[in-house]
Structure formats: structure tokens, C-alpha cells
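Each reported figure results from applying straightforward, stated rules to the coordinates on display, with no laboratory input. Since we're looking at a predicted model, the values are computed, not measured. Cβ sites come from the backbone with ideal geometry, for glycine too, and all protein chains shown count toward neighbours.
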Amino acid sequence: MVICDMAVHQHTDGRVARGQRTRDAIVEAHTALLREGVLKPTAKVIAQRAGISVRTLWLNYKDTETLLGATTAYWLEADAELRDDIDPGLPLDERVERYLDMRARRLEHLAPAARSAALGEPFSVALQESRRQHVDRVRDDLAHVFAAELTAEGPGRDVLAAGLFVASSWPTWSSLRDDLGLDPDAARAVVRASLLSLLTEASART
């Protein structure tokens, strides 16, 4: 009886592991296609890239929304690994440079997913939730890195916080990279000028 139970347990564990590998392969295929510029891949294209059938894809993800939830979770986890803990006690210029290094790196990594999400976000709760989490992360980063300047603003804190957010947000980066055709270094320089202008102007008022 014990041997039989162990065999059943091992079989179940193996099946669960295979299922997880299949789900991981689907998300990796979806992610790879987005990175290649295929912003709205069909289930057939994703399945072909993952080396499975369309039926297997939908057995693992019951609908498009579930698949989008898994893919956005992947991007959020990858983005978290790119976050740096920047000391808010450093001089302002150094904090700005370190924040820009981190932010530009994360924005370039996020770009394929963000471009794809823009197509489906109005219709997808998963994409809307992912956007909210990314926005919250940026706001938290800014509040931490520039805590001294934001605190010194007093009643004007919210205005400064909003300005810093807009200057380093994905829509701004996308406009610089996609609309104006700037390379990452040139886009970074524009964001740097915007942040320094906001922060030095705030410092001058205190």
C-alpha cells in the first residue's frame, strides 16, 4: 500500500511539473514574440513558438485574459529584478543619475510589453492591473529617492511628485523613443533635464 501510494504521488508530481513546464514555455513564447515586435500574436503563433498545439495552450490557460495575466506577471517579476535600492541621502545629482540609469534600463526592458499592452489595455483587466502596478512602483521609487525634495515642497508635494512621474513615465519615454526617434542615451538626456529642472526649481523655493 505504501509503495502504491508513493507511485501515485510521484506520478502526480511529475504531471504537475510537466504542466508547469508547459505553462512556462507558453509564457516564454509569448514574451519572445513581443520582444520581436509581434505585438498581438495569435494563439496559433504562440503555440507554434512553444512547440505545442493550440488545444494544449487553451488547456493550460482557459482564455486570453488568463494568458495575459501570466505574461504580465512575468514582466512584473523581471522588472522587479531591475530595481535598484538608491540611497536617498546621496547628493541630488548622484541620485538623479542613479535613478536615470535604473529607469532607462527598466523602460527599455518594458518597451515590447508596453507597446503590446497599449493595444489591448482598454479591454483587459489583467493589462489594466499590470499598468497600475507599474505606476505604483514608479511612484514608490520617486517617493523614496527624492524624499527630501518632496517633503520640502510642503503643500506643493503632489504637484512635484506628478511632474517627476510624468518626466520618467513610459508614455514620455515612448514619445522620445518612438515619436522623436531618439536613441536611449538621447532620451535619457531629455528626462535628466526635465527631472533636474523640476528638482532644482523646487529646491530654489525652499
* Roughly speaking, what is the centre-to-centre gap between the stretch 34-64 and the stretch 137-151 when only Cα atoms are used, to the nearest Å? -> 39 Å
* For the chain, what percent of Cα pairs sit more than 30 Å apart? -> 37 percent
* For a label point 7 Å from the Cα of Leu90 along Cα→C-beta, name the residues of the stretch 145-167 whose backbone N is under 14 Å from it. => 145-147
* To do: Report the full-extension gain for the segment Asp183 to Val166: residue separation times 0.36 nm, less the Cα-Cα distance, to one decimal in nm.
  => 4.2 nm
* So how much slack lies between Ser53 and Glu121, counting 0.36 nm per residue of separation and subtracting their Cα-Cα distance, in nm? -> 21.8 nm
* Given charges at Cβ of Lys, Arg, Asp, Glu: the chain dipole, positive-most of Leu82, Ser53, Ser124 -> Ser53
* Structure fact -> Among Gly154, Ala186, Ala167, the residue whose Cα sits farthest towards the positive end of the charge dipole of the stretch 135-206, when +1 is placed on the Cβ of each Lys and Arg and -1 on the Cβ of each Asp and Glu, is Gly154
* Mean residue ellipticity at 222 nm from the helices of the chain, using -39,500 (n - 2.57) per DSSP H segment of n ≥ 4 over the full residue count, to the nearest 500 deg cm²/dmol? -> -26000 deg cm²/dmol
* To do: Can you tell me the relative contact order of the chain? Whole percent, Cα pairs under 8 Å, sequence separation 6 or more.
  => 19 percent
* Take peptides 162-170, 186-194 and line them up by average Cβ neighbours within 10 Å, highest first, as a rough protection proxy. => 162-170, 186-194
* J(HN,Hα) series, the stretch 80-88, from Karplus relation 6.51 cos²θ - 1.76 cosθ + 1.60, nearest Hz, glycine and proline x -> 4, 5, 8, 6, 10, 8, 9, 5, x
